[in-house]
Amino acid sequence: MPSVALRGLRKVFDDGTVAVHGADISVEEGEFLVLVGPSGCGKSTTLRMIAGLETITEGSLYIDDHLVNDVAPKDRNIAMVFQNYALYPHMSVFDNMAFGLKLRKVPKHEIKERVDQAASILGLEDILERKPKALSGGQRQRVAVGRAIVRHPRVFLFDEPLSNLDAKLRVQMRMEISKLHRKLGATMIYVTHDQVEAMTMGDRIVVMKDGYIEQIDTPIDLYTQPVNRFVAGFIGSPAMNFMEGTLQQNGSLTFREADSGLSIVLSDERKSSLADYINLPITLGIRPEDISVARADSAENDSAVIELKVELLEPMGNEIILHASSNALEFVARVVPQELPDPGQNIRLAFARSKFHFFDHESGKSL
Amino acid sequence: MKKFLLYIVLILGAVAFAYPFVWMMLASFKPELEIGGLTLLPSSWTLDSYRLVFESIPIVRAFLNSLIVVVAVTGSVLLFSSMIAYALSKLNWRGRETVFNTILFTMMVPGMVMLIPLYTLVVRFGWTDSLVGLIVPFLMNATAVLILRQSFLTIPGDILEAARIDGCGELRILFTIIWPLSIPAIVTAGIIVFIGNWNEVLWPIMVIRKEEWMTMPQMVALFSVGGGSFGKLGPQLAAAFMLGLPIIALFLFFQRYFISSMASSGLKG
């Protein structure tokens, strides 16, 4: 029995914009599901429909097998953490966390017990009497999480909870939320536009774009087997490199880049899957880490070696992000720290043939 | 130097506004003959003027009438106007803007235009010579709706949504979340309504004939111009001073909120 099930969930706003075109998602009990996508992709709207803060135009929403389309937010047994924390400014930290329990007429001693317990999990014991105004961003976010925990909800909803925090705090809170998930074992649905958050936190990830679900998969599968060009480009940082060109069969299977005429011989293994695309336009994709610096002497059978001009080097310490180009073509490679030619000079880069991704030029579908 | 000049101007302004009132207060304690004189302080303090007021009119009764009316009106205005303001600022419904514009439009209609229709209504309902006739027509107030709506608009929607998930209904959101966050605006609206209603003379004069239901400003006005004071200036001033006291007390008490609301009315958050 899925904990939360979306069946053809659709949202059309009053002005006619379709925010979500029929979402089908099953969230398993205890799962950490991340909704990710660029702004305006409908991920927040989907979450808000689950929360009951947006009406559902069409489709059904089940929480624990109960149809909850017309159930008020307070009766859905959910708790939500907002991007702007949404703490009640006139209440102390304790009252902020206790508010929902008071409204549910939970006995006083139990309220205190639950709040104290949440406070100790989140390290808020010393600031229970303070008002939100007197807290730092990280503390406020913790209180917002605490407010959700004390309710013991069936489902936790997070709406970009970390986007207002600075980078360091974000990493820390990310871990804390992951730990919390493991500790509570509760179902969590988490919305973010940050693919790093999505990859590191999610059991499964839903990638959305323009109101459509592009792919639902585990982080690794999403990364290694993107179903289309959008997912391939969205997941991973730096993003996957793409080349537009045509597939040709002259002796060996060759990809010919459209503008520069650059030719890349492909491995024979691909023949069967790409057979239908000979002489047709196609998109080739390769991840930055699958491009390496070619060794001068050795023959690179499993790689296509291309000579490019170095544009920019970004040393990260553990790796170097290398930007290289040839005519209109631009590539980003992630290489191990080493002596590299200065910008402006040429470099030979090896593209791992087995790591090529191919996408239909029109539909963007993975081949 | 610039500051010095500024203070001079401010002091002059303050004196200009405060002088008549201070003069009235002091003169009400002077013997009748001294009032026309140039001195500010009385040569001997006397309560004669006050005694005459209390002896000739039931001013305590009038004060209570006024208090009942003004408390009922202010309470009702704050209650209903905040509900309307909440619906206009935080709830989405068809026709919201039209309703808001209609409310704004009623503010443009001069009160005098409404006087006769309102009076006819009150007469038909049989509410003349009763406090009901003074209260019911003023149970709601467009200015208060406007002030409260503008203040409510600055409260982030996330907080209300969090409250909805926490288990609040709309009314509870209004009274446990919105009200505590809008105290300056509520105080401002309350004071404006209170003062406006407290000072109202024309409407009570139309609706109330019996002395027992008269409000304080009505009675003081009739006392001063209607011959009750036998043309003596002292009792008139004493009555007027007593009329002004509650307003001053109110303002002194709430001035902190009043000013903070006025000062921040142009700023968001």
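The values are calculated or read from the model by the stated rules, or taken from the named source; none is laboratory data. Because the structure is a prediction, the values reported are computed rather than measured. Here the Cβ positions follow ideal geometry from the backbone for every residue, glycine too, while neighbour counts run over all protein chains shown.
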Restricting attention to segment A:64-95, and to residues there that are among the polar types (S, T, N, Q) and away from chain B (no Cβ under 11 Å), which single residue is nearest to B:Ile178 (Cα to Cα)? A:Ser92
Only one of B:Tyr86, B:Tyr19, B:Tyr50 that is of a type in the set (Ser, Thr, Tyr) and either touching a strand residue (DSSP E or B) at 6+ places or on another chain (Cβ under 9 Å) or surrounded by fewer than 12 Cβ atoms within 10 Å (Cβ to Cβ) (or both): B:Tyr19
Of the residues B:Ala185, B:Ala189, which is in contact with a Ser or Thr (Cβ under 6 Å, 6 or more places away or on another chain), touching a residue at least 60 places away in the same chain (Cβ under 8 Å) and crowded, with 21+ Cβ neighbours inside 10 Å? B:Ala185
Here are some residues: B:Arg172, B:Arg209. Which one is surrounded by fewer than 21 Cβ atoms within 10 Å (Cβ to Cβ) and within 14 Å of chain A (Cβ to nearest Cβ)? B:Arg172
Which condition breaks for A:Arg130 when tested against (1) buried (at least 18 other Cβ atoms within 10 Å of the Cβ); (2) more than 30 Å from A:Leu61 (Cβ to Cβ); (3) away from chain B (no Cβ under 13 Å)? (1)
Mind checking which residues of segment B:3-37 are in a helix (DSSP H, G or I), touching a residue at least 40 places away in the same chain (Cβ under 8 Å) and in contact with a Ser or Thr (Cβ under 9 Å, 6 or more places away or on another chain)? B:Ala27, B:Glu32
Of everything in segment A:123-142, what is within 18 Å of A:Phe99 (Cβ to Cβ) and either assigned to a strand (DSSP E or B) or of a type in the set (Asp, Glu) (or both)? Give them in sequence order. A:Glu129
Within segment B:114-165, considering residues that are of a type in the set (Gly, Ala, Ser) and more than 30 Å from A:Met80 (Cβ to Cβ), the one surrounded by the fewest Cβ atoms within 10 Å (Cβ to Cβ): B:Gly126
Out of all the residues in segment A:312-335, which are β-branched (Val, Ile, Thr) and free of Cβ contacts under 8 Å to residues at least 40 places away in the same chain? A:Ile320
Exception for B:Thr74 within (1) free of Cβ contacts under 8 Å to residues at least 40 places away in the same chain; (2) out of contact with any Ser or Thr (no Cβ under 9 Å at 6 or more places or on another chain); (3) surrounded by 13 or more Cβ atoms within 10 Å (Cβ to Cβ); (4) not aromatic (Phe, Trp, Tyr) falls at (1)
Of the residues that make up segment B:141-163, is at least one basic (Lys, Arg) and within 14 Å of chain A (Cβ to nearest Cβ)? no
Go through the residues of segment A:143-165 one by one and say whether even a single one is surrounded by fewer than 16 Cβ atoms within 10 Å (Cβ to Cβ), outside any loop (DSSP other than H, G, I, E, B) and either at pLDDT 90 or above or of a type outside the set (S, T, N, Q) (or both). no
Every residue from segment A:334-351 that is of a type in the set (A, V, I, L, M) and either surrounded by 18 or more Cβ atoms within 10 Å (Cβ to Cβ) or under 10 Å from A:Lys309 (Cα atoms) (or both): A:Val335, A:Ile347, A:Leu349, A:Ala350
Going through segment A:185-235 in order, the residues found to be surrounded by 18 or more Cβ atoms within 10 Å (Cβ to Cβ), part of a loop (DSSP other than H, G, I, E, B) and in contact with a Phe, Trp or Tyr (Cβ under 8 Å, 6 or more places away or on another chain) are A:Ala186, A:Gly202, A:Ile235
If you go through segment A:299-314 one residue at a time, do you hit one that is at pLDDT 90 or above, among the small types (Gly, Ala, Ser) and surrounded by 12 or more Cβ atoms within 10 Å (Cβ to Cβ)? no
Log entry, pairs with first residue in segment A:143-157 being over 24 Å from A:Leu6 (Cβ atoms) and within 11 Å of chain B (Cβ to nearest Cβ), second being surrounded by fewer than 24 Cβ atoms within 10 Å (Cβ to Cβ) and charged (D, E, K, R), beta carbons closer than 9 Å, six or more apart or on different chains, reads A:Val150/A:Arg114
Subset of segment A:198-216, residues in contact (Cβ under 8 Å) with a residue 60 or more places away in the chain, out of contact with any strand residue (DSSP E or B) (no Cβ under 7 Å at 6 or more places or on another chain) and either more than 15 Å from A:Arg10 (Cα to Cα) or not charged (D, E, K, R) (or both), comes to none
